[in-house]
Structures are given as structure tokens and as C-alpha cells.
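First the structure, in the form of C-alpha cells, and then the observations on it.
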Amino acid sequence: MTTTDRRTLLTETVLVLGLSLGASAVWSLLSLVRKLTAEAPLSAQTTAMNTSRVPDRPWLDLAYQLADVTLALVPVLLALHLLARDPGPAVPGALGTPGTLVTPGAAHAAGPPHRLMGLDLTRPTRDLLHGTALAAAIGIPGLGLYLGARALDLSTTIAPANLPQVWWAVPVLVLASVQNALLEEVVMVGYLFRRWSQAGWSTVTVVVVSALVRGTYHAYQGFGGFVGNVAMGLLLGWVYTRTRRVMPLVVAHTLLDVVAFVGYAVLADRVGWL
């Protein structure tokens, strides 16, 4: 591959990130700077997520929420569209080695891009089990990290769900969880791992850079959110290099967000330490 080809691939990834999670990373860093320069310490500040747009008009509020979920999936479709234009994918190699371009005729190169990254329902039981195990491995220590970071004034207090008491609140929170999982795992793993591997990056570099970007767009939560999501990105990236399947990652991410969003909505008024 020529230098021009590599530059084109990397430029494409910058543009896709600039339209999605890269832009979120910029806003997240600015939010962190604002919170660090405020008079109140980080632990005394609250980061509100999944907030109401027009709480006095529930049906219009629902329309806003559904529009947010739907439009956030456009970068996922864009990434899949761009991958579908390839003559053949690059498959990340073993840790420490660059990805290798394969020909369109190779057995593992056949099929649409969502199949190539394992975003399908061909292994539902295995993906569900693997995803649930990943969610437990991430969520339990992640909760401890959050509580510890807040105690050390390294994290804001996070309020994951702030919708009014309406019938559609829980379904919207579940949809938001699925949207977050698809956006982050398809773009940050399925798409970027292939593109950066095609550009000649080693698998270690791909995993680490993806994890750092993941941590950066969660930095609005504080340093705990950054560290926790970098660790999550490293684990999920490593799993993907072993399985070549995004679906278990999507399952794990969805479960984590559903527990955080819906759990907070149900327990916030009953559990003081949240």
C-alpha cells in the first residue's frame, strides 16, 4: 500500500470520527476543563445524562428522544457504507503485528461489512453468554472505580437517567442503550480496527488508540470515567482481536447501559450512594 493510500484511509477515519465520537471527545474535554475550573470540586458536581428536552410536553419530548437515538446511528450506517466499498478487508493480526490485506476471494473476506465484523445474529446464544460475561467483568469493578474516584474527588456524580415519570421513559432508556452500544462498538472497533489495520498499524497500536479515544469522549464524567472507559476499551479491543465479532461487545455494552440507566431511574430515590 502506498503512502497516499494510507493517508486516504486515515483521513477517512478522522472524518468519520469528526462526525461522531471524535466530536464527542472534543466536547467532552471542554466539559472537563469547565468542571475543573469551576468553584465546586468535581465530586460536588453532577453530570446529567438522558435528560428531558421539553418535560411539559411529553409527546414532543418523546419525539426528541427518538430523533436523538435515530440520528446518532447515522455514523454507524456511514461506517458500514464505507467498508462496503472496499475490495477486501484488512484483518488485524496477532498483537504487535500490522493487519494484512486479503483478497476478495478469501473465505473470511466474503460477505457484507456487518458480517465481516460479526455484527449479526448467527451465534445468538454464544454472543449473549460472552456479552453477559463481559458486562459482569466490566460493570462490577467499574462501579467500584466510580465510587472510589468520586470519593477521591476525581469524578463527578453521575445521574444516568433524568427523564420524567412517563410511560415511555424505560423503553427510551433501553433504546438509548442499544444506540450507544452500536455506535461505539461498530465505529470504535468494527470500523476503526479494520481501517487502521489496512493503514498498516500494529494491532497493539489499534487497540490502544481506540481505547484512548473511547476514554476521551467519556472524560466529561471526570478522570474516573476516562480511566474506566480506557480499561473497557482495552478489554473489548483485545476480545475483538480474538473473536473477530462485534456482537458480544454490543451485547455487553447494551447490558451495562441498561443496568446503569434503568437501574438509576428505579433506584435513585431509594439508594443514597448513587
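Report whether or not L10 is surrounded by 15 or more Cβ atoms within 10 Å (Cβ to Cβ), assigned to a helix (DSSP H, G or I) and either modelled with pLDDT under 95 or not charged (D, E, K, R) (or both). Criteria met by L10. Taking the criterion of being under 24 Å from R115 (Cβ atoms), of a type in the set (G, A, S) and surrounded by fewer than 13 Cβ atoms within 10 Å (Cβ to Cβ), the only residue of region 64-87 that qualifies is A84. Among the residues of region 259-269, are any out of contact with any strand residue (DSSP E or B) (no Cβ under 7 Å at 6 or more places or on another chain) and either under 30 Å from D5 (Cα atoms) or buried (at least 21 other Cβ atoms within 10 Å of the Cβ) (or both)? Looking through region 259-269, at least one residue is out of contact with any strand residue (DSSP E or B) (no Cβ under 7 Å at 6 or more places or on another chain) and either under 30 Å from D5 (Cα atoms) or buried (at least 21 other Cβ atoms within 10 Å of the Cβ) (or both). Scanning region 24-49 for residues that are assigned to a strand (DSSP E or B) and either touching a Cys at 6+ places or on another chain (Cβ under 6 Å) or buried (at least 16 other Cβ atoms within 10 Å of the Cβ) (or both) yields one hit, T47. Residues in region 52-63 that are exposed (fewer than 15 other Cβ atoms within 10 Å of the Cβ) and not charged (D, E, K, R) were compared, and the one that is nearest to Q179 (Cα to Cα) is A63.
For region 204-253, a tally of residues being more than 23 Å from T122 (Cα to Cα) and not in a helix (DSSP H, G or I) returns 3.
The values are calculated or read from the model by the stated rules, or taken from the named source; none is laboratory data. This structure is a prediction, so every number in the text was calculated from the model and none was measured. Every residue, glycine as well, gets a Cβ built from its backbone with ideal geometry; the counts of neighbours run over all protein chains shown.
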